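These notes are about the structure you will find just below.
Rule-based calculations on the coordinates, nothing more; no lab input. A quick note: this is a predicted structure, and the numbers were derived from the prediction, not measured. Please note: Cβ atoms are built from the backbone with ideal geometry, for glycine as well, and neighbour counts cover all protein chains shown.
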Amino acid sequence: MNIRRKLYSRRHALAITASALAVPSLALAQAREASPVRRNISSFALHNWRDHFDSLGKGIILSDTNTKVLQHWTADGEMRIYPTSVPLSDELTKRGYTEVVEKRKNPTWRPTPSMRERNPEWPLVVEGGDPLNPLGTRALYLSWTYYRIHGTQDTRKIGRRSSNGCIGLYNEQIEEVYERTPIGTQVKLI
C-alpha cells in the first residue's frame, strides 16, 4: 500500500497520464508548471522584534514555543535563528517577558521540586560536564525561577515537545548564543 501511494504522487500521475495519452513533452512541461511541487518550505514564520519590544537594548531573544524556533538579535541588529526543544505541555510552558540574569558554562543541574515529585527516581544533582547533564554545555538563566535556555546532550529532543519547561538548543548553538548574549538581554517566550 505504501509503495502504491509513493507511485501515485501528483507529479507521477501527470507523467503517467501524459505518456498514456502520448502528450508531447512541451505539453507535459506546461502541465508541471501549472501545478508545481513546493519543496523545503519553512513550517514557521519569523517574527519582527519591533512587534514585541520598543528597542533592541542589549539584544533580544524571542522563542516561539509553537514553531519550536528561537530568534536571537544582538544589540547591533544581527539576527540568527535556531531550532529548539520546548516544554512537553502547556501546563509546563511559561509565556511572556523576562530577561537573562545569569550565564553559566557547564552548569550543574538540579531537578525542580515538581520534577522530583513526578520523577522521584531522578538524581538530586548532576554536575556540569557530566554527559548525563540535561542542561548541556551552557545555560542562560532567566528572571523566572527554574526557567533556562540551555543546551542538551540528547539531540533527539530538538524540534519536539520534550522539556520540563526550558528551551533547549543543540550544544554548539547554545554556545554561540551564550557568547553573543550579555546579561540583561530581553527575552520573550510566545
| Any idea which residue in region 151-176 is nearest to Arg138 (Cα to Cα), counting only those that are hydrophobic (A, V, I, L, M, F, W, C) and buried (at least 22 other Cβ atoms within 10 Å of the Cβ)? | Ile174
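To keep it simple, each residue is scored yes or no on (1) outside any loop (DSSP other than H, G, I, E, B); (2) in contact (Cβ under 8 Å) with a residue 12 or more places away in the chain; (3) more than 13 Å from the chain's Cα centre (by Cα).
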{"residue": "Glu121", "(1), (2), (3)": "no, no, yes"}
{"residue": "Pro131", "(1), (2), (3)": "no, yes, yes"}
{"residue": "Tyr141", "(1), (2), (3)": "yes, yes, yes"}
{"residue": "Trp144", "(1), (2), (3)": "no, yes, yes"}
{"residue": "Gly165", "(1), (2), (3)": "no, yes, yes"}
{"residue": "Gly168", "(1), (2), (3)": "yes, yes, no"}
{"residue": "Glu176", "(1), (2), (3)": "yes, yes, yes"}
{"residue": "Gly184", "(1), (2), (3)": "no, yes, yes"}
| task | Would you be able to tell me the number of residues in region 40-98 that are acidic (Asp, Glu), in a helix (DSSP H, G or I) and within 17 Å of the chain's Cα centre (by Cα)? | result | 1
